[in-house]
1. Would you confirm, using the coordinates I've provided, whether residue 186 is open to solvent by 10 Å² or more (accessible area, probe 1.4 Å) and in contact with an Asp or Glu (Cβ under 9 Å, 6 or more places away or on another chain)?
2. Take the residues in the stretch 187-240 that are outside any helix (DSSP H, G or I), closer than 30 Å to residue 320 by Cα and of a type outside the set (D, E, K, R), then tell me which one is modelled with the lowest pLDDT.
3. List the pairs whose first member sits in the stretch 296-310 and is under 15 Å from residue 166 (Cβ atoms), whose second member is among the aromatic types (Phe, Trp, Tyr), and whose Cβ atoms are under 7 Å apart, counting only residues at least 6 apart or on separate chains?
4. Which of the helices (runs of 4 or more DSSP H) found entirely inside the stretch 40-137 contain at least 3 residues meeting this: surrounded by fewer than 24 Cβ atoms within 10 Å (Cβ to Cβ), modelled with pLDDT under 85 and within 15 Å of the chain's Cα centre (by Cα)?
5. Report every pair of residues separated by at least 6 positions or lying on different chains whose Cβ atoms are under 7 Å apart, first residue within the stretch 5-28 and buried (at least 17 other Cβ atoms within 10 Å of the Cβ), second among the hydroxyl-bearing types (Ser, Thr, Tyr) and assigned to a helix (DSSP H, G or I).
6. Can you name the residue in the stretch 323-365 that is of a type in the set (Ser, Thr, Tyr) and more than 16 Å from residue 182 (Cα to Cα) and, of all such residues, is least open to solvent (accessible area, probe 1.4 Å)?
7. Just checking, does the stretch 155-163 include any residue being in contact (Cβ under 8 Å) with a residue 12 or more places away in the chain, of a type outside the set (Asp, Glu), in contact with a Cys (Cβ under 7 Å, 6 or more places away or on another chain) and closer than 16 Å to residue 109 by Cα?
8. Here's a check for you: in the stretch 322-355, which residue that is β-branched (Val, Ile, Thr) and at pLDDT 90 or above is nearest to residue 138 (Cα to Cα)?
Amino acid sequence: MEIRLDMYQTIALAVVALMVGRFLRRRCRFLDKFCIPAPVIGGVVFAVFTCICYATGIAEFSFDDTLKEVCMVFFFTSVGFQANLKVLKSGGKVLIVFLGLIVVLIFCQNLLAVGLAKVLNISVLTGLCTGSIPMVGGHGTAGAFGPILEGFGVEGASTLCTAAATFGLIAGSVMGGPIGRRLIETKDLLKTAVLEDDSLLIEDEIKHERHVSMYPMAVYQLIIAMGIGTILSHLLSLTGLTFPIYIGAMIAAAVMRNIGEYSGKYTTYMGEINDIGGISLSLFLGIAMITLKLWQLADLALPLLILLTGQVILMFVYTYFVVFFVMGRDYDAAVMASGVCGFGMGATPNAMANMQVVCEKYLPSVKAYLLIPLVGSLFADFLNSLVITLFINIL
């Protein structure tokens, strides 16, 4: 028996999955501790249910996921609005260096994924499903690039990317705190800790205050950027290269944000845009998760385990030796190493949770709390999308 759901029923079911996920996260300490997104929790529950139905021949579900793409573009447009060049400039040399480290990490994750795929004699595009798409990118980027890779013949790419992203969330959260603690204690870094002025953090919070009356204007700004983005995406497609559908909207949003910042002619309502982007991401993830076909993972279970183990080893080596060394070999560098584990294999909230655990045990680190959210939320997704696009077109 086939059960077909139209786009309205599909998004309604995604919201139900989101609500179930929130309920389960409140009831399960493990899920809350590792900051597993509610749409992922509820979506996995439903995906397991549909997998059982498919395997037993009871029913097969089919969905109209038209609204998934709309929600995805809304979310990534909100990410584009984060690209504030004034912030990048004010961060100084240390922000540029840290941003460079993340770009190198993105390349390393993809090179490792492609290299291991060749060793395992599987498609390099299949290997790319465990690279920076789910690692630095998380579930949002996994859901966006999965269908693109499926278009290149990678069966079950969306499921692979999502499974890798879920694994990364847990692994990054498990690794972050212990790495920071080990660095601090074995290298006696508390003597290098400096209590800095936190006015920059307070100023950033003020800029992101919400005002109910400004939500309509924030929606209009997002829609305008998306409209302009369709033109940019069309122009980019004329190059013959493959770009994700949202890349034009991200570029348009970044340009709009910086024109407003430098000209002072209009205000970009970032707090409201962030909220709308967050809602869009939840809906996008909800639809992406309930439409997963888990049975497609069966043939790739062992290669997937090897590929993800490689990413864990890479993250440990890169944060413990490279990030810590380049960022100054001091207390702040150790806290940042724990944070990079969080968003380098999951999401910025995981990074903040990792650093919070370390700082609660020892001392605050204003530098880490400033750099990690800036790079993790503002620039990492933007740059990651460009690097992934480069790899897909080369491969």
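The values are calculated or read from the model by the stated rules, or taken from the named source; none is laboratory data. Small disclaimer: the values here were computed from a predicted structure and weren't measured. Counting neighbours? That spans all protein chains shown, and the Cβs are built from the backbone with ideal geometry, glycine included. Please note that ligands, DNA and RNA were not included when accessible areas were found on the heavy atoms of the full protein model with its side chains. Shrake-Rupley method; radii C 1.70, N 1.55, O 1.52, S 1.80 Å.
1. No.
2. Out of the qualifying residues, it is 195.
3. Once the first residue is under 15 Å from residue 166 (Cβ atoms) and sits in the stretch 296-310, its partners that are among the aromatic types (Phe, Trp, Tyr) give 308/167.
4. Ranges flagged: none.
5. 18/282
6. 365
7. Filtering the stretch 155-163 for residues in contact (Cβ under 8 Å) with a residue 12 or more places away in the chain gives 155-163.
Pick out the ones that are also of a type outside the set (Asp, Glu) and you get 156-163.
Subset that is in contact with a Cys (Cβ under 7 Å, 6 or more places away or on another chain): 157, 160-161.
Remaining after also requiring closer than 16 Å to residue 109 by Cα: 160-161.
Yes.
8. Ranking the qualifying residues of the stretch 322-355, first place goes to 340.
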